[in-house]
Amino acid sequence: MLNIFLFGSTGKMGKCMQSVSDQNDVKIVGNYDRDTDINSISVQFDCIIDFSSNQCLKQVLQLSKLSNKPIVIASTGHTQSQLDDIKLHSQTIPILMSANMSIGANTLFKLINQATKLLPNFDIEIVETHHNKKHDVPSGTAYKMYNIVSQSKTAQAIIGRQDGLRQQNEVGIHSIRGGNHIGEHKIIYLGISETLTITHNAQSREIFANGACVAAKWLIKQPIGLYNMSDMI
């Protein structure tokens, strides 16, 4: 049984974590809310899972320092300064950070890496769809998809295209918000007389909670460093 301290327990993903913990052989032994004094936390745990928001990062890192325990960061929307703080902390503790905790979505990332190398002259567009309560736009997963593309070819992100006349290296990133859609991410490779589309469709939030549990079990066995889901797939 893996003991977890959970950030974001009152949110949708936090509640989902609690609902799938038993089937993943995970026990949530503590959780954080905005009135919690980090210095007063005395429960024993093996790993921190953060499904809160970037506004709680300071407290997440503080608890990790006090407990010397690794962190799975599943929240998104971090500023560059926060990303620098995470990287610095990973020099003393194992951290796994992913914009998307789904095993299927991280398989999508690997496919994007391969497809971009095989289709260097194709135009590329990224489309993501989420529910109408999502705060960050584009999604962290969409940014991750673009970053993978940019590692294999010269690319310039165009957020919400306003001009239909595209330049050679542009990668359009488009966001759709509506209803209670859990999440869909699509990358489209457009060539001459042919199109390749790769799509990941999240049908339940459980896939992210299950992925976080798998990640935590893997992370506690790793040496100090900064990891992502692709490292364990």
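The values are calculated or read from the model by the stated rules, or taken from the named source; none is laboratory data. None of the values given here were measured: they were computed from a predicted structure. Glycine gets a Cβ as well: all are built from the backbone with ideal geometry, and neighbour counts include every protein chain shown. All accessible areas refer to the heavy atoms of the entire protein, side chains included, with ligands and DNA or RNA removed. Shrake-Rupley method; radii C 1.70, N 1.55, O 1.52, S 1.80 Å.
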Filtering the range 59-80 down to residues that are within 15 Å of the chain's Cα centre (by Cα), under 17 Å from S98 (Cβ atoms) and open to solvent by 10 Å² or more (accessible area, probe 1.4 Å) yields A74, T76, G77, H78
Check the range 14-25 and report whether any residue there is within 19 Å of N68 (Cα to Cα) and either among the charged types (D, E, K, R) or exposed (fewer than 12 other Cβ atoms within 10 Å of the Cβ) (or both).
-> no
Of those in the range 191-233 that are closer than 20 Å to M1 by Cβ and among the polar types (S, T, N, Q), the residue nearest to the chain's Cα centre (by Cα) is N210
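Do you know which of the residues in the range 133-155 that are under 24 Å from G183 (Cα atoms) and open to solvent by 90 Å² or more (accessible area, probe 1.4 Å) is modelled with the lowest pLDDT? Talk me through it step by step, then tell me what you get.
Let us first name the residues in the range 133-155 that are under 24 Å from G183 (Cα atoms), namely 133-150.
The next check asks that each one be open to solvent by 90 Å² or more (accessible area, probe 1.4 Å); those that pass are 133, 135, 137, 143.
Details: K133: 89, H135: 84, V137: 91, Y143: 93.
Restricting to residues being under 24 Å from G183 (Cα atoms) and open to solvent by 90 Å² or more (accessible area, probe 1.4 Å), the top hit is H135.
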*Any chance M13 is in contact with a strand residue (DSSP E or B) (Cβ under 9 Å, 6 or more places away or on another chain), closer than 17 Å to A212 by Cα, part of a helix (DSSP H, G or I) and not acidic (D, E)*: no
Residue hits (the range 34-70; hydrophobic (A, V, I, L, M, F, W, C), out of contact with any helix residue (DSSP H, G or I) (no Cβ under 6 Å at 6 or more places or on another chain) and assigned to a loop (DSSP other than H, G, I, E, B)) are I41, V43, F45
The strands (runs of 3 or more DSSP E) lying wholly within the range 175-233 that contain at least 2 residues that are more than 30 Å from I93 (Cα to Cα) are 183-190, 195-202
Pairs returned, first residue in the range 101-119 that is in contact (Cβ under 8 Å) with a residue 12 or more places away in the chain, second residue that is crowded, with 17+ Cβ neighbours inside 10 Å and among the basic types (K, R), beta-carbon separation under 8 angstrom, 6 or more apart or interchain, are F109/K144
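Evaluate the following for F208: is it touching a Leu at 6+ places or on another chain (Cβ under 7 Å) and not charged (D, E, K, R)? First the steps, then the outcome.
Working: touching a Leu at 6+ places or on another chain (Cβ under 7 Å): no; not charged (D, E, K, R): yes.
So F208 does not fit the description; no.
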